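All remarks here apply to the structure that follows.
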């Protein structure tokens, strides 16, 4: 199926079924996971915005789908639980990992992992490379006021961001614009991940992935500390 095609057949029915299930007494997280398991539309135009749920048909952005499905939960689920899912990616403690995996199924779980490594970790890797460049410049006594992200792109992908963005749009059949939407930028990030893997040897790919994971863990730990301080 073309990544650009907007497929809405069945989406409204799944959303309505979710709401009916919660009204009938089903625990809302299970109803949401059931809806996700049944969901097939890779892209949807909803309330005037384009939502991409399956990037390149293989990376499942489950939190974007959760945000869309949460519309059906208005007045039917505890606000704090829904907000925790949307902002922290955490379901209530009563829904453990085995339930999450069993309800979603193998294909959706594989898609979530593809998204994690291809978008979340890739973004963290870019940030880690920016920090490395900044630290090296500072250690050499250089006060750099330019665009660190551009240097990070050149180091990581050996091409400028503008050039890679042009190649991405050319390959995907998207128009060449001067700006990019948030949805398309996530697609671009996943494309960058695949581009890097294609153009790096296995050792370099593994090393970069570890760097991204370490940066992500550092950021997550910092967020935990900030959150604990905020609630005191």
Of 34, 208, 80, the most mobile residue in a GNM of the chain (C-alpha springs, cutoff 10 Å) is 80
Only helices counted: for the chain, with every DSSP H run of 4 or more residues adding -39500 (n - 2.57) and the sum spread over all residues, [θ] at 222 nm is -20000 deg cm²/dmol
In nm, the gap between the two label points placed 7 Å beyond Cα toward Cβ at residue 172 and residue 140 is 3.4
Residue span residue 98 to residue 220: 0.36 nm per residue of separation minus Cα-Cα distance leaves a gain in nm of 41.6 nm
Computed Rg/Rh for region 11-104 (Cα atoms; Rh = Kirkwood radius) stands at 0.93
Ranked on Cβ counts within 10 Å of their own Cβ, fewest leading, 133, 109 go 109, 133
Relative to the chain, whose Cα atoms define the longest principal axis, helix 161-172 and its Cα axis are tilted in degrees, nearest 10, by 40
Of 140, 199, 114, the most mobile residue in a GNM of the chain (C-alpha springs, cutoff 10 Å) is 140
Most fluctuating of 57, 118, 89 in the GNM of the chain (C-alpha, under 10 Å) is 89
When all Cα-Cα pair distances of the chain are considered, the percent exceeding 30 Å is 35
So the angle from the long Cα axis of helix 202-230 to the longest Cα principal axis of the chain, reported in degrees to the nearest 10, equals 60
Taking Cα atoms only, helix 182-198 is inclined relative to the longest principal axis of the chain by an angle, in degrees rounded to 10, of 60
When 127, 53 are ranked with the fewest other C-beta atoms within 10 Å first, the list becomes 127, 53
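Since every read-out is calculated from the coordinates, none of them should be taken as a lab result. Being a predicted model, the structure only gives us computed values, none of them experimental. Cβ coordinates were reconstructed from backbone atoms using ideal geometry, including for glycine residues, and neighbour counts include every protein chain displayed.
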